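Engineer: Have a look at this one.
The values are calculated or read from the model by the stated rules, or taken from the named source; none is laboratory data. The model shown is predicted, which means the values in this text are computed figures rather than measured ones. Every residue, glycine among them, receives a Cβ derived from its backbone with ideal geometry; neighbour counts consider all protein chains shown.
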Amino acid sequence: MLFIQSNSLAFSTTASERLRLLDTLAASGHNPLIRLARRRFFQTLMGQGGDASFDAKAAEIERECASKQESDKGVAYTPGDLFSADDCVLSLVFGDDAETGVSAGIVYSVETAEPLAKLERFCRDVREALVEIKEEDAGAAATDAATTPPSWHARAGGSSQGLARFMAIQPADFVRAAAVHRGARALGRASELMEEGSVRAFLRRVQELRREGYTPRRLLAEAGATLGDVSIERMLDAGLLDREVRVSCRKSGHALFDLPSSDSLAAVTISRAKCSQCAAPVADEVIEETINPSRLAVALLEDGRWLGNRVYKMVRSVGIPDSEIATGPAGAHGESHLAVEVCGNSFLFVTR
């Protein structure tokens with residue numbers, strides 16, 4: 001999981017000031033990746049590169065391109081740049097006026113050491129470079145205080161509307177149901193166990209064999225070959241399987257019906273029900289314990305919700321609050337959607 005943090009500076013810059021700022025940052029060890037790629041392209045275009053004369057010519061071409069693009073199209077030649085560090089990426093984005101100003105940001109992961117301190121140092125270097133440029137323009141004797149860059153401010157976490165729009169298009173009944181079941185312990189255990197491919201294969205095989213009328217003993221023998229290291233007891237505890245009682249005709253072996261418990265069987269035998277095949281009382285027929293995929297397991301298999309719930313748990317584990325996460329119903333082809341708001345930016349996870 002990646003995180004983004006940014007600061008803003010209410011200060012406008014011209015095209016030439018931006019290029020000079022990038023030069024100053026490069027001299028201090030912050031090499032602008034996009035600009036370096038452009039410079040290499042200009043050097044390749046001239047057929048050579050590497051010495052000071054060709055570097056100067058590449059810089060001249062860059063200034064000409066910047067001037068022409070700004071005069072012809074009114075679009076900034078340097079809208080921003082990226083700076084690579086050991087364990088993060090720094091960014092610098094220039095606005096069109098003082099209101100949008102300059103934005104400095106950092107993209108980092110949980111393994112990044114002191115990301116906010118790195119952003120703070122980068123912002124300090126940018127501001128000092130801007131002050132130096134303004135002093136050079138105004139002259140060494142006096143600096144116009146009005147042109148001195150103000151202080152950096154953390155950008156408001158507001159306002160990406162992606163999560164809100166995603167939630168707005170979800171069916172109301174699904175949103176209510178998801179709020180009840182999301183993160184439930186039973187759903188979490190079942191989803192975690194279903195990460196095992198052998199468990200999913202076993203559940204599908206049990207469904208197939210039951211439809212074909214296999215006896216419980218043969219069903220376990222056939223389907224158990226796909227189960228691997230996961231025991232049936234674990235699947236029962238996770239709510240993926242239900243125990244049932246199967247009643248079969250003693251003469252033909254045909255399955256008559258399945259009951260959810262022995263209590264249900266007692267109620268049937270007391271009623272003196274008879275076999276539709278041989279007319280014998282139910283109490284005289286073959287009675288065996290069997291298993292059946294639970295309604296939860298069937299639902300998780302059909303719509304792939306087990307994978308979506310697993311992604312939800314992973315997102316929660318990195319510290320994102322539940323209020324910043326929304327899920328959508330499974331699509332026609334088994335794809336699930338999960339939207340997350342992180343540092344004012346929206347992300348959409350699609351699993352299938």
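Engineer: Do you know which residues across the range 82-95 are at pLDDT 85 or above and either of a type in the set (Phe, Trp, Tyr) or farther than 16 Å from Gln5 by Cα (or both)?
Structural biologist: Within the range 82-95, Phe83, Asp86, Phe94 meet the criteria.
Engineer: Further question: Scan the range 85-111 residue by residue and report those that are buried (at least 18 other Cβ atoms within 10 Å of the Cβ) and not in a strand (DSSP E or B).
Structural biologist: The answer is Gly95, Gly101.
Engineer: Then there's this: Looking at Cys278 and the list (1) surrounded by fewer than 17 Cβ atoms within 10 Å (Cβ to Cβ); (2) at pLDDT below 80, which single condition is not satisfied?
Structural biologist: Unmet condition: (2).
Engineer: Mind listing just one residue for me: the one in the range 329-345 that is surrounded by 17 or more Cβ atoms within 10 Å (Cβ to Cβ) and of a type in the set (Gly, Ala, Ser) and, of those, modelled with the highest pLDDT?
Structural biologist: Ala339
Engineer: Right, here's the next one. Do the conditions hold for Cys278, that is, is it in contact with a Cys (Cβ under 8 Å, 6 or more places away or on another chain) and under 18 Å from Arg211 (Cα atoms)?
Structural biologist: no
Engineer: Right, here's the next one. With the requirement that a residue be under 19 Å from the mean Cα position of the chain (by Cα) and among the aliphatic types (A, V, I, L, M), what does the range 265-321 give you? Walk me through how you get there before you give the answer.
Structural biologist: Pass one, the range 265-321, residues under 19 Å from the mean Cα position of the chain (by Cα): 303-321.
Within the range 265-321, Leu307, Val311, Met314, Val315, Val318, Ile320 qualify.
Engineer: Condition first: among the small types (Gly, Ala, Ser), over 30 Å from the mean Cα position of the chain (by Cα) and under 21 Å from Val89 (Cα atoms). Now tell me which residues in the range 5-36 satisfy that.
Structural biologist: Step one: list which residues in the range 5-36 are among the small types (Gly, Ala, Ser), which gives 6, 8, 10, 12, 15-16, 26-29.
From the residues that got through so far, the ones that are over 30 Å from the mean Cα position of the chain (by Cα) too are 10, 12, 15-16, 26-29.
Listed by number, the residues that qualify are Ala26, Ala27, Ser28, Gly29.
Engineer: Another question, then. Can you pull out the residues in the range 290-306 that are at pLDDT below 80 and outside any helix (DSSP H, G or I)?
Structural biologist: Within the range 290-306, Gly304 is the sole residue that qualifies.
Engineer: Of the residues that make up the range 260-274, is at least one among the hydrophobic types (A, V, I, L, M, F, W, C), surrounded by 12 or more Cβ atoms within 10 Å (Cβ to Cβ) and part of a loop (DSSP other than H, G, I, E, B)?
Structural biologist: So far as the range 260-274 goes, yes, one or more of its residues are among the hydrophobic types (A, V, I, L, M, F, W, C), surrounded by 12 or more Cβ atoms within 10 Å (Cβ to Cβ) and part of a loop (DSSP other than H, G, I, E, B).
Engineer: Can you tell me which of Ala164, Ala179 is within 27 Å of Ala330 (Cα to Cα), at pLDDT 70 or above and either part of a helix (DSSP H, G or I) or of a type outside the set (A, V, I, L, M, F, W, C) (or both)?
Structural biologist: Going through Ala164, Ala179 in turn, just one is within 27 Å of Ala330 (Cα to Cα), at pLDDT 70 or above and either part of a helix (DSSP H, G or I) or of a type outside the set (A, V, I, L, M, F, W, C) (or both): Ala164.
Engineer: Would you check which residues across the range 251-260 are closer than 15 Å to Pro216 by Cβ and either without any contact (Cβ under 8 Å) to a residue 24 or more places away in the chain or of a type outside the set (Gly, Ala, Ser) (or both) and list them?
Structural biologist: Passing the criteria: His254, Leu256, Phe257, Asp258, Leu259, Pro260.
Engineer: Out of the range 300-324, which residues are touching a Phe, Trp or Tyr at 6+ places or on another chain (Cβ under 9 Å) and without any contact (Cβ under 8 Å) to a residue 60 or more places away in the chain?
Structural biologist: Answer for the range 300-324, where residues must be touching a Phe, Trp or Tyr at 6+ places or on another chain (Cβ under 9 Å) and without any contact (Cβ under 8 Å) to a residue 60 or more places away in the chain: Gly308, Val311.
Engineer: Starting from the range 124-143, keep only residues that are assigned by TED's automatic domain parsing to the domain that holds Ser16 and part of a helix (DSSP H, G or I), then list their pairs with residues that are at pLDDT below 75 and not hydroxyl-bearing (Ser, Thr, Tyr) whose Cβ atoms are within a distance under 8 Å, requiring at least 6 positions of separation or different chains.
Structural biologist: Close Cβ pairs (under 8 Å, with a partner that is at pLDDT below 75 and not hydroxyl-bearing (Ser, Thr, Tyr)) amount to Arg127/Pro149; Leu130/Pro149; Val131/Pro149; Lys134/Asp144; Lys134/Pro149; Ala138/Asp144.
Engineer: Suppose we filter the range 307-319 for residues that are modelled with pLDDT of 80 or more and buried (at least 18 other Cβ atoms within 10 Å of the Cβ); how many remain?
Structural biologist: 3
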